[in-house]
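Only one structure is covered here, and it is reproduced in the block below.
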Amino acid sequence: MGLFSKPEVVIAKESSNAKEYLRQLEELAEKATGENAKKIAKEIAVVKAGIIGEDNILFELKNSGMDMVVLHDLYIESVSGASAQIDFLVLTPKINFVLECKNLFGNIEINGKGDFIRTIRCGGRYYKEGIYSPITQNQRHLQVLKERRSENDGKILAAWKNYLFKDFFRGLVVLANPKTVVNDRYAKKEVKEQVIRADQLIETIKQMNKASKESASSLKDLKEMGERYLQMHIEKPITYIEKFKQEELEDQPAAERPAPAPSEGKYCPKCGKPLVMREARRGTHIGEKFWGCTGFPQCHFIKKIVKTENK
């Protein structure tokens, strides 16, 4: 950036699968009945809240007043078959940030073990429940990104990139719901530093850039880097809507149900989420098709497609 030039925020990728998912849900809700209608209505509320949270974070980034390149809703896969749905990859002059956006209901307590405990008020009473650690989830995203960015390099260059990864990439969990109160009194320092509110995001990014001893990249370099990560992105079809469609069909009389397509009615035996047909893109099994759980990375179930399934 020149002496008198203004900071520029480049949105290299802004679209989100969540908005397409919401559109499909609302379309399905018009025909849904009974318990399935209630489930869809609840899912719509959750998705809407998530979209509002991500839009709030995008607003903060666009008005950061610093050079950065932003990629929203980035889906990548590594050669090992691991995948990551990254809410935001933010490239700044010294540090790149992988942001996990959480628009959580209720208040959050983080204890000394790093457990996330949510307190919700319902019917005049308070209930506590454990939730999956967004820090752990984001660490897995960072690991997939680490693998993906060096998998086409030689052993020496890949080892060097992996060694430097921790100096240039940081994960942050951003709580987008302004009403959520976070109690991290007993949380470890490294946990506290990774969980912030949306209104703290830009100041945190600026402070971490200021504290870094690495040399700053130009906006041109950031744009080129953003293009490389954009090329890693894989368009992932919306598949989780199929579960609601199947449940709606099950509420109909058998004689009125349409014949299911070969890929419908298949759910993960571990977590119950829909399975999606995928094709191995790398490794020794390249080109082979398999069923993968849409609950990844929380669920790692996969099932090889035998000939009888692939007619």
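The values are calculated or read from the model by the stated rules, or taken from the named source; none is laboratory data. As the structure is a prediction and not an experimental result, all values here were calculated from the model. Here the Cβ positions follow ideal geometry from the backbone for every residue, glycine too, while neighbour counts run over all protein chains shown. These area figures cover heavy atoms from the full protein model, side chains too; ligands, DNA and RNA do not enter into them. Shrake-Rupley method; radii C 1.70, N 1.55, O 1.52, S 1.80 Å.
Here are a few things to note about the model shown:
- Mean separation of Cα contacts under 8 Å, 6 or more apart, over the residue count of the stretch 27-172: relative contact order %: 20 percent
- For the stretch 116-231: accessible area per residue (Å², 1.4 Å): 64 Å²
- Segment Lys31..Lys48, full-extension length gain: 4.2 nm, with 0.36 nm per residue of separation and the alpha-carbon distance subtracted.
- Working ranking of peptides 100-106, 117-123, 228-234 by packing, defined as the average number of other Cβ atoms within 10 Å per residue, highest first, is 100-106, 228-234, 117-123.
- Percent carbon-and-sulfur accessible area, the stretch 166-238, ignoring ligands, DNA and RNA, probe 1.4 Å: 50 percent
- Both numbers refer to the Cα atoms of the stretch 66-105; Rg and Dmax are 12.2, 36 Å.
- Spin-label model distance (nm) - Lys113 vs Ser133, 7 Å beyond Cα toward Cβ: 1.0 nm
- Simple spin-label estimate for Ala41 and Leu164 gives 5.5 nm between the two label positions (7 Å along the Cα-to-Cβ direction from each Cα).
- Non-local lysine pairs in the stretch 1-127, meaning eight or more places apart or on different chains, with alpha-carbon distances under 27 Å, amount to 27.
- Sites listed here are trypsin sites (Lys or Arg not before Pro) in the stretch 186-215 whose DSSP assignment is loop and whose Cβ has at most 16 other Cβ atoms within 10 Å: Lys188, Lys213.
- Summarising the amide proton neighbourhood of Asp67: residues at separation of 5 or more, or on other chains, whose placed amide H is nearer than 5 Å comprise Glu8.
- Compared with the alpha-carbon gap, the fully stretched path from Arg23 to Lys289 is longer by 92.9 nm at 0.36 nm per residue.
- Between the beta carbons of Cys271 and Phe105, assuming R0 = 30 Å, the FRET efficiency works out to 0.90 to the nearest 0.05.
- Using a Förster distance of 51 Å, the FRET efficiency for Ser212-Cys299 (Cβ separation, nearest 0.05): 0.90
- Value of Rg/Rh across the stretch 146-224 [Cα atoms, Kirkwood radius]: 1.06
- Per-pair calculated FRET efficiency, R0 = 22 Å: Glu279 and Glu235 via Cβ, rounded to 0.05: 0.95
- Square roots of five times the Cα gyration tensor eigenvalues for the stretch 56-179, Å: 32, 19, 12
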